[in-house]
Amino acid sequence: MTLDNRKISSYSFGVRRKPGTLIPIEQDILEAGLALSRRGEPSFHGFLIAKEIQDDAEAKRLTSHGTLYKALDRLERAGHLASQWEDPEEAAIQQRPRRRLYQVTVTGAQALAKSHVVARAAASGRRALEGA
Amino acid sequence: MNDLLTSLAAGVARNWVAVYTLGLPPSVRDARRAELQSDLWEQRHEIRSGTSNSLAKGVLARVLGGVPADILWAIDVRHDQGGTAMRAFDGYEKTDKVVIFGITVTAALLASTTIGATALVSLLVAAVAAVGLAGLMRLVFPPTTGGRAMDSSATSSRGRRLLTTFVISIAVIMGIGAYLFSLEHWGGLAILLNIVGTVALLVALGSLSLFVVDLIRGERPTRS
């Protein structure tokens, strides 16, 4: 899983996608979120998910702020993520700014599963064409 | 020194988010700023962050790489709020918009070329500078109802012209001075002077455009 400019919607002005489909950065976020959930971290903040994506892709750099938070905002508006601000007291105890914590919703998990199915179908279609 | 670089990089990130969230609904604006503040804190305190120097570079790279997405996001939010991307210019006449956009983009392109940036970076700088300068113009020279600032009174018109002339004079002097000093290989200071000169030149060109618009309007026969 690598992240290049073509995966960033902001750099792909000509790209128009069907409603309900996911672009790669959104898939990365949902996959990373679910992976964190499986490891016992049901919610995540922006920087944590950026780190998770970076580690998973073995990328040199973290996802840029604009790309990351725009995608998080889009996913939340689509119902694939839910978010809430953490308790101010907890942040105060740890002497840091409050975190906005996101969770992958059931809809988000379903959308990701659907995108995987579509991707597999497309891959098998390509293989069939190449073999023909 | 390295801590200073990190603080500067974080400052750039905070200032940038403050700029592109200007004019957004308070809840959206405050949420994005707080989220970015949290992200910066987390990155700074991340155990595996390496040296402060690399941290500063990392923060700057994340800011610069996300500029297009930030701008598009802000436009989307404004659009969703019932406005349009061009709402900030609704009070201007069509010719004003063309003049402001044209001059700021050209000026930004020229300025970024003097810094020695690549073509892509120049375009990014141009776009950001155009949006930023147009917003600045809106704050400094708010258009009156109907876009007829010249009609309000002869006194305010005269004051505006004087102010514009003053800004042009100071900005041009600063810009040229900064450019001349930068030729002497003053290291970091030369870069700073270049940036100051660039900003001054942008302001000068923007002010000049409004000044010219005022002059043109002042000659219209329909003016009272």
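So the values come out like this:
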{"item": "Area accessible to solvent at B:Ser7, 1.4 Å probe radius, in Å²", "result": "50"}
{"item": "Distant-in-sequence amide H partners of A:Trp85 (H built 1.01 Å from N, under 5 Å)", "result": "A:Leu101"}
{"item": "The range A:79-89 - phi-based ³J(HN,Hα) in whole Hz, Karplus 6.51/-1.76/1.60, Gly and Pro as x", "result": "x, 7, 10, 10, 9, 8, 7, 6, 4, x, 5"}
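The values are calculated or read from the model by the stated rules, or taken from the named source; none is laboratory data. Quick caveat, the model's predicted, so the values are computed rather than measured. For accessibility, only protein heavy atoms count, side chains too; no ligands or nucleic acids. Shrake-Rupley method; radii C 1.70, N 1.55, O 1.52, S 1.80 Å.
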